[in-house]
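Worksheet for the structure shown next.
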Amino acid sequence: DTAVSQTPKYLVTQMGNDKSIKCEQNLGHDTMYWYKQDSKKFLKIMFSYNNKELIINETVPNRFSPKSPDKAHLNLHINSLELGDSAVYFCASSQGSSGVYNEQFFGPGTRLTVL
Amino acid sequence: GQSLEQPSEVTAVEGAIVQINCTYQTSGFYGLSWYQQHDGGAPTFLSYNALDGLEETGRFSSFLSRSDSYGYLLLQELQMKDSASYFCAVRTGSARQLTFGSGTQLTVLP
């Protein structure tokens, strides 16, 4: 069974378009995250939700808007896509934001290419 | 803010031992994690140190010295499948989020 899943796996789109990436976890975790990994493999957190409440909102353009309909889902909507948005976006989840281990389980990633 | 430093590349041969160092500057430190990522794959958790000392998990061990703001990942009996990127990450902040280093590309040669 897939623990953290994301759709789509690949996304190719034109500048200016709006797109969404979906994430679901079946681990029963209460905290979910979005990360962006650039072409140099630098992995940076964007957002985190705990029990559907936004707890981390790093310096990310307003064009990015996360939505958590329930604690098993965290979607990412991106408006007016720009070339610099091209990256791999990873969703992750963990049991609590302050657990002893805070092991994060990552989804397979969504490779976004903006043309 | 947080900053982490780790070597960009390390090369070793099968069967060898390799150590990947990580130094960090941060406030509100809770612990140091290590993640492995194969090309085209997702990061996967390897270890976590909240206290000083060595944690061992099979062929992998991780060490932390909070007073030196330093940690390392030790990989023993290297195998070809260990070729991957290895990231150290610090847990900080009120939400104890992870801030990742830039990663170390490990290449294991036959």
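The values are calculated or read from the model by the stated rules, or taken from the named source; none is laboratory data. Bear in mind the structure is a predicted one, so any value in this text is a computation, not a measurement. We place every Cβ from the backbone using ideal geometry, glycine too, and count neighbours over all the protein chains shown.
Structural remarks
- Residues that are among the polar types (S, T, N, Q) and more than 8 Å from every other protein chain (Cβ to nearest Cβ), drawn from the range B:95-104: B:THR104
- Residue within the range B:49-58 that is more than 26 Å from A:PHE90 (Cα to Cα), in a strand (DSSP E or B) and over 14 Å from the mean Cα position of the chain (by Cα) present: yes
- Those residues of the range A:64-93 which are in contact (Cβ under 8 Å) with a residue 40 or more places away in the chain and touching a His at 6+ places or on another chain (Cβ under 6 Å), in sequence order: A:SER93
- Here A:LYS71 meets each of (1) under 24 Å from A:ASN26 (Cα atoms); (2) within 14 Å of chain B (Cβ to nearest Cβ) with one exception, condition (2).
- Members of the range A:1-29 found to be aliphatic (A, V, I, L, M) and assigned to a loop (DSSP other than H, G, I, E, B), listed by number: A:ALA3, A:MET15, A:LEU27
- Here is the figure for the range B:30-64: residues that are out of contact with any His (no Cβ under 9 Å at 6 or more places or on another chain), within 13 Å of chain A (Cβ to nearest Cβ) and either surrounded by 12 or more Cβ atoms within 10 Å (Cβ to Cβ) or free of Cβ contacts under 8 Å to residues at least 24 places away in the same chain (or both) total 23.
Table: residues versus (1) within 14 Å of chain B (Cβ to nearest Cβ); (2) within 20 Å of B:PRO43 (Cα to Cα); (3) of a type in the set (Gly, Ala, Ser).
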position: A:MET15; (1), (2), (3): no, no, no
position: A:LYS19; (1), (2), (3): no, no, no
position: A:HIS29; (1), (2), (3): yes, yes, no
position: A:TYR35; (1), (2), (3): yes, yes, no
position: A:PHE42; (1), (2), (3): yes, yes, no
position: A:SER65; (1), (2), (3): no, no, yes
position: A:LEU83; (1), (2), (3): no, no, no
position: A:PHE105; (1), (2), (3): yes, yes, no
position: A:LEU112; (1), (2), (3): no, yes, no
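- Among residues of the range B:72-97, those that are crowded, with 16+ Cβ neighbours inside 10 Å, modelled with pLDDT under 95 and polar (S, T, N, Q), counted: 2
- Pairs are defined by a Cβ separation below 6 Å, a sequence spacing of at least 6 or placement on different chains, a first member in the range B:65-77 that is within 22 Å of B:SER27 (Cα to Cα), and a second member that is charged (D, E, K, R) and modelled with pLDDT under 95; no pair meets this definition.
- Counting only strands (runs of 3 or more DSSP E) that sit wholly inside the range A:30-115, those with at least 3 residues that are of a type outside the set (A, V, I, L, M, F, W, C) are A:31-37, A:43-50, A:64-70, A:73-78, A:87-94, A:110-114.
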